1. Does A:Asp337 satisfy being in contact (Cβ under 8 Å) with a residue 40 or more places away in the chain and either more than 10 Å from every other protein chain (Cβ to nearest Cβ) or loosely packed, with under 14 Cβ neighbours inside 10 Å (or both)?
2. Quick check, is A:Arg12 among the charged types (D, E, K, R) and under 49 Å from the mean Cα position of the chain (by Cα)?
3. Which one of these does B:Val67 not meet: (1) surrounded by fewer than 16 Cβ atoms within 10 Å (Cβ to Cβ); (2) among the β-branched types (Val, Ile, Thr); (3) within 7 Å of another protein chain (Cβ to nearest Cβ)?
4. Quick check on region A:117-133. Is at least one of its residues surrounded by fewer than 22 Cβ atoms within 10 Å (Cβ to Cβ), within 24 Å of A:Thr67 (Cα to Cα) and in contact (Cβ under 8 Å) with a residue 12 or more places away in the chain?
5. Any idea which of (1) part of a helix (DSSP H, G or I); (2) facing chain B (nearest Cβ under 7 Å); (3) farther than 30 Å from B:Leu15 by Cβ is the one A:Val324 doesn't satisfy?
6. Looking only at region B:1-50, filter to residues that are under 27 Å from A:Pro253 (Cβ atoms) and of a type in the set (Ser, Thr, Tyr); which one of those is surrounded by the fewest Cβ atoms within 10 Å (Cβ to Cβ)?
7. Among the small types (Gly, Ala, Ser) and in a loop (DSSP other than H, G, I, E, B) - does that describe any residue in region A:55-77?
8. Do we have A:Ile180 as out of contact with any strand residue (DSSP E or B) (no Cβ under 6 Å at 6 or more places or on another chain) and among the β-branched types (Val, Ile, Thr) here?
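The values are calculated or read from the model by the stated rules, or taken from the named source; none is laboratory data. Since the structure is predicted, the reported quantities are computational estimates derived from the model, not experimental observations. Cβ sites come from the backbone with ideal geometry, for glycine too, and all protein chains shown count toward neighbours.
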Amino acid sequence: MKYLLYLSPTERQLWGKDGQGWQRVSGEPKGHVWVVTDLVEESFAAIKTPRLFGRDRGSYIARQLATRYPDTPYRSFLTPDQEGDLIGRIAPTRHILLGVDAAERLNAELDATPNPVAGVWPVSMLLALLGQDKDLPANLFVVMPAPGTLRIVFLKNRTPVLTRLTLTPNQARAQVDEIIRTLRHLENTQVVARGQQDHPVLLLADRDGLEGVMAAAHLKLVKLPRWQAAPPGDWRFPLFDLALKSPAGQVAPLARRTEFLAARLSRASLVLAAVIIVAGIAGAGNNLWSLLGMMNESRQLETSIQQINARIAEVELNIRKYEVAPEVLRRAVTLHDDEIVSVPAMDLHLRLIAKALASDPNLRLKDLRWRLLAPGVLPCNAPDPATTGAAPPEPGSEKRKVEVSFELVIPEGYGPRDRVRTLRDISSQLLGIENLTLWQDATRDLASGSLRSGPVRSAATKLFWCMTLPGIAGVTDGQIASSRP
Amino acid sequence: MISALSIFQRARRPLNVLAGAIFLSLTLVFGSIYGRDTLRNSLAQSRSQLDALRPDLTAKQQDLRNVQAHIEQFRAFRAQGLVGLPDREGWVEQLVASREQVLLPDSLSYVLKPPQAMTDATIPESAAASAAKPDAPATHDLDFELGGVHEQELLDFLHDYRAKVHGRFRVQTCQLRATPTGLLTQCTLRFFSLPEAAKPPGT
């Protein structure tokens, strides 16, 4: 249940609201108490301020409040809707001061209330809020009769400018006279222009017998659309409901509301803390979910790494049993196969040469040379392709070769024709050897040289052959033959 | 101002709870981001480690298969002197012994040159790479000269030498020149040796 203390000039009423609505409460309230005053001392004052910002504007208004209401701390201000541009809304210049100049009464009442006070709202201000409804005219009398009294609030352009509480009997004629009296005052102070137009009146009471009298006085009754179908039994209840929402216009000093505001702040803090925790969990949820997935994957990876390491260790253990480094073994096998086993035997080449010379048993070898040539080494003193302009062999095409060269001695008794025939036979036999490349041919040298006889011949003529054969057993010399000069 | 302070003092505990909630939420959010990023980096490292280990395992398995396939051949290399410390003294002693064995004239002279890192391998790239290593294969050229022999005697001599010497070689060059007393042969035999410095892991 929420509690509201209603203070009128003559009485003090404690009301409570639960699921069944508002009802009078006797005894002590159990919770915060909202206070609504309905006193004669309530008043409004419109002021215009210079264009000030922030704390300057607040200080200026505070000084104005202290000037207008020097004897009461129950004062506040409202900022009505501003006309003009954005700067007008940011730094408003029109304000409504309101105060309740009954400090002693209010202090006494609030001191007598054992529970914390949520705030004090003048009923004039609540009526003004009610009259600011968009469906109502901008200039409006809000009238609320009470037993023996009449509260009149006038709004000009939806801004409260005047409030009165008069001792008026509950008679239609007297109430209308009081409204007319208030209107005249407004006309005299030039708040309202004089004229014959009808003035709208929102009457918060039973209107039986009033409409005719009001119409005669150029007062036009208007209705609040939301209460038109089912008006409340007591028009104070809508005002009480409004007060429970703690609207702007609260007039009690901060010291009176400390406990209530602290409780509100505590509650808001706890709610906000819960929201932040939930938001934090929600925000971190995705990351936490990813973390869980990655941790699972990390465990699987660790397991895989351990398994592979175990297998590597097992393989290394097996290798260790053979007491040999795999790299050394690989090198040894490569060395053996590439450098020793693959080299063709010299015997074979000697036999091939012997076979080529076997056609003439009178021939004698003077000098025979057999040597392995490393890849890229030019055989038989051949000119470098770079100097002759010939195309160099493709990279990687060079292979090890065997160079065989020999010098032949022909018997002295051979005539020129026999010599040529013998040399041609030998060259022919050599060229018939598979994969042999003949680089120097004595027959060719003889054909392009001079024919000599006597001691001069033997000194100047050298019968020399030089050839290459594949240096790797089982490999043909085709590539080399194709690139020979 | 005092009243405002009083409000905050009265609501101190819930405000502390709010501050704790903010701290907890921020810790949760930024901690989870930090943890996620850290674990992501760790995962990337683990993946790269695993990616590096797989070819390593494959290479080791290939090494094992290679060792199993060639171990007998390798042991034979050890026994023949291709692998291990080169028996340079034995090579020249056997040269003399083989000359005597095939009954050649006492005209043998020889020079065993210092070992050289291999530079004329069949595959130049591997030769260059292996020459840079301390346990690279080495060559030893043994030059010998023998006079008054016949071609067949030379071949028999080389066959005998190849069969008995504690080492593996190839004939690198051979020159046969006719002289009045027979052939003068000048040959170079190239021995190969492979130091067994590299040990298998763990030994």
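1. Working: in contact (Cβ under 8 Å) with a residue 40 or more places away in the chain: no; either more than 10 Å from every other protein chain (Cβ to nearest Cβ) or loosely packed, with under 14 Cβ neighbours inside 10 Å (or both): yes.
So A:Asp337 does not fit the description; no.
2. Working: among the charged types (D, E, K, R): yes; under 49 Å from the mean Cα position of the chain (by Cα): no.
No.
3. (1)
4. Yes, region A:117-133 contains at least one residue that is surrounded by fewer than 22 Cβ atoms within 10 Å (Cβ to Cβ), within 24 Å of A:Thr67 (Cα to Cα) and in contact (Cβ under 8 Å) with a residue 12 or more places away in the chain.
5. That leaves (1) as the condition not met.
6. We begin by selecting, within region B:1-50, every residue under 27 Å from A:Pro253 (Cβ atoms); these are B:1-15, B:18.
Pick out the ones that are also of a type in the set (Ser, Thr, Tyr) and you get B:3, B:6.
Numbers: B:Ser3: 13, B:Ser6: 16.
Looking at the filtered set, the residue picked out is B:Ser3.
7. Step one: of region A:55-77, the residues among the small types (Gly, Ala, Ser) are A:58-59, A:62, A:66, A:76.
Imposing the further condition that a residue be in a loop (DSSP other than H, G, I, E, B) reduces the set to none.
Checked region A:55-77: no residue is among the small types (Gly, Ala, Ser) and in a loop (DSSP other than H, G, I, E, B).
8. On the way: out of contact with any strand residue (DSSP E or B) (no Cβ under 6 Å at 6 or more places or on another chain): yes; among the β-branched types (Val, Ile, Thr): yes.
When the stated conditions are applied, A:Ile180 passes them.
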